[in-house]
Amino acid sequence: MWALIAYYLRFCRLQRKLTGDLMGEILNCSKSTVSRLETGALKLDEKQATTLDQAWDTGGIFGFLVWYATLGHDPDWFRQYVDLECRASVIKTWQVDLVPGLLQTPDYARAGLATGNLPDVEAALAQRLSRQAILDKPEAPTFWFLLSQSLLELPCGGVETMKAQLAHILDLSHRPNIGVRVVPKSVGHHPGLDGAFMLLTLPEPHMEVAYVEAPGGGRLASSAAEVASYALRYDQIGQHALPKGLSRDLIKQIMEAM
């Protein structure tokens, strides 16, 4: 995909009879930078793609090409997910066994990371907690969390740590852009038991992507059909979840029972 972008960039420039210098004026960069973009030594970024699409009235083709190129195979899928998370306007999460990272308290997160044989738990903790900055940014995304009752009852880090974690979830659930609903154990079997996943809506370019968790790492899914299947599953899981008020009541009951 990146090679295609480099080729198509040069093709479009030559088609418009532009020199490297004139192209650099459009992209606000040097002629040498244009050359490196066209040879693939540099990758066209999202801002540059948008600039070209607007200047050449392409219908958004460079933006879409860059989008799909960034979703290409990467052994570190989660790193890509975090990059997309920062740009999302809507984030939907289904979690079956652990509190979602965006909702975790430092003590809960530390307890979980400490069991993972990581060389530097504190560095991993700082990285995880840094993601939570999107909760407080001026134009924060809309967050929908569907949580299994079972994960709320698991005393990760001990009873006091878990009580504080549940209190934190309750506190966040009162924000207007954050919805937390619980799927009770009484439901029995439902479509969410086979694993956790997230759905992201990106505003520019308007796209949807799913991140599917798995042991040892997860993967990004960007095809329309696959994303649609996860969106449907999310709605099916949501049919079994309690309303927000009853979900808060259940969380309070779990806290009191600890």
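The values are calculated or read from the model by the stated rules, or taken from the named source; none is laboratory data. These numbers come from a predicted model, not from an experiment. In this analysis, Cβ positions are derived from the backbone assuming ideal geometry, glycine residues included, and neighbour counts consider all displayed protein chains. With ligands, DNA and RNA removed, areas are computed over all heavy atoms of the protein, side chains included. Shrake-Rupley method; radii C 1.70, N 1.55, O 1.52, S 1.80 Å.
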For this session: Given the conditions (1) in contact with a Gly (Cβ under 8 Å, 6 or more places away or on another chain); (2) without any contact (Cβ under 8 Å) to a residue 40 or more places away in the chain; (3) more than 30 Å from Phe64 (Cα to Cα), report the number of the one that His174 does not fulfil.
Result: (1)
Exercise. In segment 124-159, which residues are under 17 Å from Val90 (Cβ atoms), open to solvent by less than 30 Å² (accessible area, probe 1.4 Å) and touching a strand residue (DSSP E or B) at 6+ places or on another chain (Cβ under 6 Å)?
Worked result: Pro141, Phe143, Phe145, Leu146
Exercise. Filtering segment 212-258 down to residues that are among the hydroxyl-bearing types (Ser, Thr, Tyr) and either in contact with a strand residue (DSSP E or B) (Cβ under 9 Å, 6 or more places away or on another chain) or assigned to a helix (DSSP H, G or I) (or both), which residue is farthest from Gln95 (Cα to Cα)?
Worked result: Ser222
Exercise. Considering segment 207-221 alone, what residues qualify as being surrounded by fewer than 18 Cβ atoms within 10 Å (Cβ to Cβ) and out of contact with any Lys or Arg (no Cβ under 9 Å at 6 or more places or on another chain)?
Worked result: Ala214, Pro215, Gly216, Gly217, Arg219
For this session: Could you grab the pairs with beta carbons closer than 6 Å, sequence gap of 6+ or different chains, first residue in segment 192-213 and in contact (Cβ under 8 Å) with a residue 40 or more places away in the chain and among the polar types (S, T, N, Q), second one open to solvent by 20 Å² or more (accessible area, probe 1.4 Å) and assigned to a loop (DSSP other than H, G, I, E, B)?
Result: Thr201/Ser89
Exercise. In segment 227-247, which residues are open to solvent by 50 Å² or more (accessible area, probe 1.4 Å) and of a type outside the set (Gly, Ala, Ser)?
Worked result: Leu232, Arg233, Asp235, Gln236, Gln239, His240, Pro243, Lys244, Leu246
